[in-house]
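Participant: Have a look at this one.
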Protein chains: 4
Amino acid sequence: MKNICVALTNRTNYSKLKMVLRELRKYSNVKCRIVLSSTILLERYGSGYEDLQRDGFEIDKRIDCVLMNDSHEAMAKTIGLSVVEHATYFGWRQPEMLIIVGDRFDMVAPAIAASMMNIPIAHIQGGELSGTIDNVIRNVITRFASLHFVATETSARNLIGYGVSQNSVFDYGCPAVEYVSQIDVGDHFDNKRLGKEFKREIDIRAGEKYFMVMIHPDTTNQLDVNMDEVLKAVASFELKAFIFYPNVDAHNSAIVSSIAKYINNDNFYMIRHMPLEGFVHAMAHCSCMISNSSSGIREAASFGVPVINIGYRQADRERNKNVIDIGHRYEELRSTVEDYLDYRFEKENIYFKSSCSNQIVAKIMQFIGEEVCQ
Amino acid sequence: MKNICVALTNRTNYSKLKMVLRELRKYSNVKCRIVLSSTILLERYGSGYEDLQRDGFEIDKRIDCVLMNDSHEAMAKTIGLSVVEHATYFGWRQPEMLIIVGDRFDMVAPAIAASMMNIPIAHIQGGELSGTIDNVIRNVITRFASLHFVATETSARNLIGYGVSQNSVFDYGCPAVEYVSQIDVGDHFDNKRLGKEFKREIDIRAGEKYFMVMIHPDTTNQLDVNMDEVLKAVASFELKAFIFYPNVDAHNSAIVSSIAKYINNDNFYMIRHMPLEGFVHAMAHCSCMISNSSSGIREAASFGVPVINIGYRQADRERNKNVIDIGHRYEELRSTVEDYLDYRFEKENIYFKSSCSNQIVAKIMQFIGEEVCQ
Amino acid sequence: MKNICVALTNRTNYSKLKMVLRELRKYSNVKCRIVLSSTILLERYGSGYEDLQRDGFEIDKRIDCVLMNDSHEAMAKTIGLSVVEHATYFGWRQPEMLIIVGDRFDMVAPAIAASMMNIPIAHIQGGELSGTIDNVIRNVITRFASLHFVATETSARNLIGYGVSQNSVFDYGCPAVEYVSQIDVGDHFDNKRLGKEFKREIDIRAGEKYFMVMIHPDTTNQLDVNMDEVLKAVASFELKAFIFYPNVDAHNSAIVSSIAKYINNDNFYMIRHMPLEGFVHAMAHCSCMISNSSSGIREAASFGVPVINIGYRQADRERNKNVIDIGHRYEELRSTVEDYLDYRFEKENIYFKSSCSNQIVAKIMQFIGEEVCQ
Amino acid sequence: MKNICVALTNRTNYSKLKMVLRELRKYSNVKCRIVLSSTILLERYGSGYEDLQRDGFEIDKRIDCVLMNDSHEAMAKTIGLSVVEHATYFGWRQPEMLIIVGDRFDMVAPAIAASMMNIPIAHIQGGELSGTIDNVIRNVITRFASLHFVATETSARNLIGYGVSQNSVFDYGCPAVEYVSQIDVGDHFDNKRLGKEFKREIDIRAGEKYFMVMIHPDTTNQLDVNMDEVLKAVASFELKAFIFYPNVDAHNSAIVSSIAKYINNDNFYMIRHMPLEGFVHAMAHCSCMISNSSSGIREAASFGVPVINIGYRQADRERNKNVIDIGHRYEELRSTVEDYLDYRFEKENIYFKSSCSNQIVAKIMQFIGEEVCQ
């Protein structure tokens, strides 16, 4: 039986590939092997692997490779260690194809290992642009890949411009947005729908205003976001807010420190990990999202939520209409939030296409010479 | 004092950067740090590091990382190990810039490590095309680089097409060809000019016809070259021939085995390593070169030597007029060699530009904010 | 010039070798090279490397190798990574000897690397017994060593019993205890002598009673100490207390969690790192020490401080008279503390011998064939 | 179902554990998991893994970790890499016990990884003495082990002397010798019984005199054996001889080079790997064995074969009566061979005890709480 490997490195990867994994399950003549590495295995980053287990996916291999030190050197070593162990893993499983997604530094490792071992790679979300080292990583991964599943026409054009063969680029939309848009978010916020009980109870009432704050470090410019200012501005509204911990990355400690200062603020819920359905529920009903995360740019539009996007981390990413770009100063943030606190955009999303995951998996099966499910 | 690191992974890298290293020496306010890894450190591959020592260059760090196994898995692990150790090295030296060259798999490691650590990379020989995984590697390295020193106008155009900023691409020519073309090769073959005594004496007389055979494995298609056929054809002429051992690569064992069968052929000199000047001397006077190596495509033209290029390994590389492309069958090879045995092309080379290395180093100095030598 | 390498992996190592490093400095014809790895490099564990810098020692190499995950698997991988990088380091420096100390898991890595590379090892503190995996590690390190500097006659006998040659065992005493016993601790507690300002000011007055609590996880039996019970008992006295964070180790998270619960207890000073002199000052004047750390067993006797030693972690270690052994239950701990709160033992220490470090270094110099300083 | 892991690193390990693996197969309620690393995976060292496959054992994991370079630094790095990957493997399989054998450097890696992860280790062949770094490695492995299966009473005494608990030491004899002594070797040499066809046909007739030569490098003293002298002496008899390639080890290249000089000697059969049964057959009928290998000391006595043991590599190993110790000089070797060429010792072997493997496995089952097969 043929093996297809799917490499996941963080909880977001899983959100993005959930629909694809479900489609893969339908093929009984192909075994889908899930290999986890990096932060998806770490308690400190939300133990993302538990989401897979909860959804009934078997984990074929765990590769623990994250160094403790919060430095760029440690990031590089994490990649090196991960390459070594993915090589051993691929040597064992001999997959026909590796499926990967996105643009995070730790995804370079399975990509390199597979590429060196002549294992074809299907890459999801190539061709996009954002504002940092992610562009480098995304394009590096593109160079290793044989099949490219892009989310927008612009992304397809970008890839072809880079010299990627048109025949290997497929604009089927974003599987994460496909997944998100089919979640039933209900009419109003309901903490029972968050999918998890948190240490501190989330006591937000139906209809109550609240924020979602999700800031990651910009690895090329640590000054791009001042988390102290962001939290000060958010706190000033005296409304409830979900404050999410950042991704693992060199220099995330500044953001973590800022969050720590508000540990006793009763309006703030500090969240390490929220199950995806819960996150989408919370996002759909929040007053506005203050973020430099891609989820603000990509998924939030499906619910018409205003997204106040801070700094340059997402500078070049294609935007829906619900994104408002600002800097990270207190005053600017305060006044922008005031403007959009009661506003709702139309529910439109350029990243959405129906049957996305179904088409992606069908194309992969065709590539490896298997019959396609109907 | 600022550090500039130069990463070398095989003996060819050194040939290519020799002139650049000489230029760097002229800058007393910048320390050039040479870090060696992979096959340049191995006796089996000619102990290339001794060339540097002979030329008076100090080696700052040795990173021994090559696995013994002749497999793609081992290649991948070699990269992983190399990333780990380059990260530690860069963490120690904190260079302003890393200079790298070419498109070999083991050069990915310093490129990734530096990129993760926000160390700008100057890449020499980007934008070219050849016929195998080299294209992938070269483009991956390009994605990590901040400065691109290309050898031809076509290469420059390619890079810009891939989305690289025009301002970071400099068409200064190939420093290896610059070096080669200034070597005094004399009027005829002279074994004293080979720069080394070999186990078996090279008893080729001035004016005697001889071949140079240099075949590397094609890592994506092991059937691209049949070394048995090549050596049978060469042997049939009963002329002297230099037979070079292949690069380290998964599947090089087939080529090594073929060479071993001719161990007792008195016309064949099996060469693991020849100093660059000697190699150029031998190339300049050989009857023809039978090769799938880039040196056949790039450097040989400077001497008008016919190059019979076998298979697809160099399929897409820009050619000078002296290159004749054929397959690897005995008859085709025999008849082609017959046609060109007494022929000489004009001494022209599209890869050559004068002052190449001088300009490269000046641009690097400008980039890191140092004054440029006159 | 000959190189002697000294490998340090945590802040305690440095405390132990401080006197030895000072002695080594006196030999101008031998270069002492300090290589740091593991937790001594990590902010989370007190950035022990800063102590060296403050004392004017040059750090020759930093090897960042600690994985983030709090698991035994991660501990093992940390060792593997550390072996790889120490091998490269020793290959570069080619030392005549490696000096190491103690029994911590991460010290196995330099020991293996040096042993494989035929670099003689001088090991300080072999032959002792404690109650956990430390015994295994200590004996493993002993097996790799060529010179053994032990602290007591019993330790010497143990080593010889294990088959170590009598000629390689030297009972010169413990250099850490030598160092500690020459520190001027003054007549009473003085927070200015702690050598550092802490986030929360240490407002203990001269003559005020206070505790020192230092509990590490027992890696073979996580139930050996119940930190919740310990802290509850300590808190019940309503006296000030220094609570020290544990060493990095699989399963330290339970202890860290217990400490976190008392974050708002005003009597408790949570300490990640205290400079050695400050620690000794605090220890010398505390009412009693509640601990399962070796410092309670070894150094505290020099000041006559009662040490309430909990659990089996130090079960087999040779004791001075000031050590009272108990379990970890609340009641037992409370009543024992009550008994010794106002008691002082005589200042005697079986681990102390004068001129210890001087003799150790002289012997090492003799071993590598260098003349001995007078 | 409980897992027991068996780690093998070279072809000799497998020979030693073959009987143990067969016994383990009888336990249907315990899964025996075989993990291979180091030279057993390498073609250059005889592809020992094929022996397992031929005998129907399933390989659970392959860990490719040997560096190419022939240096002590590379040996150390091989261990480091191997520790990393064994940790991941043990993390996945969570075995109740790890079984290992012997004293080779590459076996330290699984021992460390298991020890760090609190996986009990059963070590076979502890307590013996030989003449090099093997003693260090063997004792290090002993320190990590919980069960010790020794081959002689002397070995048992040694272990207990080292402080190992008497209750964990079991003198059940050597399972390799048990295996060898039950092989039917027939009445005379028969090349069909070698179990393999070699590149050059082995044309030794029944009753014809021949030698077996098996020399490994002494890693602590490269001058201990002069292979040139050995081969010159052997060649001078003009009798057939099996010449075995050495183990992987730093500095094996000198021995390999010596062998290469005799590549055209028609009396010499250069052997990289001979299946165990074939090896025993050849050993049983040879005129004498010239060796510094443990198989000369241990197994050969079962057949009364004279063993001329060269140098100090096996200096301290317990001997049977059939072992004659000499240096490596031509004259001494020639005259000793002459003395013993037609001699046969009695078939006695201190390393032999019946039911050895059966008892070892029964004890292991008892240890992990499984019922013992009758």
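Every number in this text was worked out from the coordinates using simple rules, so none of it is lab data. All figures in this text were calculated on a predicted structure; none of them were measured in a lab. With ideal geometry, Cβ positions are generated from the backbone for all residues, glycine too; neighbour counts draw on all protein chains shown.
Participant: Is the shape of region D:275-374 rounded, prolate or oblate, going by the alpha carbon gyration tensor and its root eigenvalues a ≥ b ≥ c, with a/c under 1.5 for rounded and a/b larger than b/c for prolate?
Facilitator: prolate
Participant: Could you tell me which of A:G46, A:Y27, A:N10 has its Cα farthest along the dipole of region A:3-47 towards the positive end, charges placed at Cβ (Lys, Arg +1; Asp, Glu -1), taken about the Cα centre?
Facilitator: Of the options given, the answer is A:Y27.
Participant: To continue, here is another question. How well do other chains shield peptide A:138-146, expressed as the mean number of their Cβ atoms within 10 Å of each residue Cβ?
Facilitator: Mean partner shielding for this stretch: 4.
Participant: Specify the inter-centroid distance of region B:326-374 and region A:293-363, based on alpha-carbon positions, in whole Å.
Facilitator: Between the Cα centres of region B:326-374 and region A:293-363 lies a distance of 50 Å.
Participant: A further question on this structure: Only loop residues by DSSP count here, and only those with at most 12 other Cβ atoms within 10 Å; note down the GluC sites (Glu not before Pro) in region C:50-129 that meet that.
Facilitator: C:E58
Participant: Do any of B:K77/B:K261; A:K240/A:K261; C:K31/C:K353; B:K261/D:K240; C:K18/C:K209 go past 19 Å between their Cα atoms, and which?
Facilitator: Over 19 Å apart, Cα to Cα: B:K77/B:K261; C:K31/C:K353; B:K261/D:K240; C:K18/C:K209.
Participant: I want to check the label-to-label distance for D:Q166 and B:R329. Put each point 7 Å from Cα in the C-beta direction and report it in nm to one decimal.
Facilitator: 8.1 nm
Participant: How much length is gained on full extension from D:S354 to D:H188, taking 0.36 nm per residue of separation minus their Cα-Cα distance?
Facilitator: Once the chain is fully extended between D:S354 and D:H188, it gains 57.2 nm.
Participant: Under 15 Å from the 7 Å Cα→Cβ point of A:R44, by amide nitrogen: which residues of region C:92-124?
Facilitator: none
Participant: Find, among the residues of chain C, the one whose Cβ sits nearest the axis of the rotation taking C to A; state the distance in whole Å.
Facilitator: Smallest Cβ distance to the axis, with its residue: C:M68, 2.
Participant: For the pair D:E338 and A:Q94, how long in nm is the line joining their label points, each one 7 Å along Cα→Cβ?
Facilitator: 5.7 nm
Participant: Once you average over the residues of A:113-122, how many Cβ atoms of partner chains fall within 10 Å of each Cβ?
Facilitator: Rounded to a whole number, the mean comes out at 5.
Participant: At 222 nm, what value in deg cm²/dmol follows for the protein assembly as shown if DSSP H runs of at least 4 each add -39500 (n - 2.57) and the sum is divided by all its residues, to the nearest 500?
Facilitator: -11000 deg cm²/dmol
Participant: Ok, one more. From the label point of D:K209, set 7 Å from Cα along Cα→Cβ, how far away are the matching label points in the other copies, in nm, ordered shortest to longest?
Facilitator: 5.5, 9.2, 10.5
Participant: Run the paramagnetic zone check for A:R22: 7 angstrom along Cα to Cβ, then residues of region A:344-374 with backbone nitrogen under 16 Å.
Facilitator: A:353-362
Participant: Using amide H atoms built 1.01 Å from N in the peptide plane, name the residues 5+ places from A:E318, or on other chains, whose amide H lies under 5 Å from its own.
Facilitator: So A:E318 has HN proximity to A:L129.
Participant: Picking from C:S71, C:S236, C:S258, which is most flexible by a Gaussian network model of chain C using Cα springs under 10 Å?
Facilitator: Most flexible of the set in this elastic network: C:S236.
Participant: Pick out, in residue order, every one of the GluC sites (Glu not before Pro) in region C:316-367 that is DSSP loop and has at most 15 other C-beta atoms within 10 Å; say none if there are none.
Facilitator: Here the GluC sites (Glu not before Pro) that fit, given the DSSP loop and packing criteria, are C:E346, C:E348.
Participant: A further question follows. For the peptides B:155-168, B:8-21, D:218-231, what is the packing order when you average, over each peptide's residues, the other Cβ atoms within 10 Å and list the highest mean first?
Facilitator: B:8-21, D:218-231, B:155-168
Participant: Hydropathy at least -0.5 by Kyte-Doolittle, axial extent at least 15 angstrom from the Cα trace: which helices of chain D, defined as entire DSSP H runs, fit?
Facilitator: Correct list, ordered by number: D:72-93, D:133-144, D:356-368.
Participant: Something else now. For region D:36-107 and region C:173-247, what is the separation of their Cα centres, given in Å?
Facilitator: 45 Å
Participant: Per-residue counts of other Cβ atoms within 10 Å, averaged by peptide: what ranking do you get for A:75-81, A:40-46, highest first?
Facilitator: Result, highest mean first: A:75-81, A:40-46.
Participant: Treating the point 7 Å from Cα along Cα-beta-carbon as the label, what are the nm separations from C:S335 to the other copies, to one decimal?
Facilitator: Counterpart label points of C:S335 in the remaining copies fall at 7.1, 8.2, 10.5 nm.
Participant: About its Cα centre, what dipole magnitude does region B:97-229 give when the only charges are +1 on Lys and Arg Cβ and -1 on Asp and Glu Cβ, stated in debye to the nearest 20?
Facilitator: 380 debye
Participant: Let me spell out the model: positive unit charges on the Cβ of Lys and Arg, negative unit charges on the Cβ of Asp and Glu, origin at the Cα centre of chain B. What dipole size does that give, in debye rounded to 20?
Facilitator: For this selection, approximately 820 debye.
Participant: If R₀ is 22 angstrom, what is the calculated FRET efficiency for the pair A:E208 and C:K261, using the beta carbon separation as r and rounding to 0.05?
Facilitator: 0.10
Participant: Could you give the size of the charge dipole of region C:200-244 about its Cα centre, using +1 on the Cβ of each K and R and -1 on the Cβ of each D and E, expressed in debye and rounded to the nearest 20?
Facilitator: Magnitude of the dipole: close to 200 debye.
Participant: Related question: Place the label 7 angstrom along Cα→C-beta at D:S253 and in each other copy, then list the distances from the first to the rest in nm, shortest first.
Facilitator: Computed spacing set for this position: 2.0, 4.3, 4.7 nm.
Participant: What chymotrypsin sites (Phe, Trp or Tyr not before Pro) does region D:166-223 have in DSSP loop regions with at most 16 other beta carbons within 10 Å?
Facilitator: Answer in residue order: D:F198.
Participant: In addition: Taking the Cβ of each residue in A:M116, C:M289, D:M283, C:M97 as the centre, tally the other Cβ atoms inside 10 Å and list the residues starting with the fewest.
Facilitator: So the ranking, lowest neighbour count to highest, is C:M97, D:M283, C:M289, A:M116.
Participant: Right, here's the next one. Compute the Cα gyration tensor for the protein assembly as shown, then decide on rounded, prolate or oblate, letting a ≥ b ≥ c be the square roots of its eigenvalues: rounded whenever a/c is under 1.5, prolate when a/b is larger than b/c in the other cases, and oblate in all that remain.
Facilitator: It comes out oblate by the Cα gyration axes.
Participant: Let me ask you something else. Work out the mean other chain Cβ neighbour count within 10 Å for the residues of B:58-71 and drop it here as an integer.
Facilitator: 6
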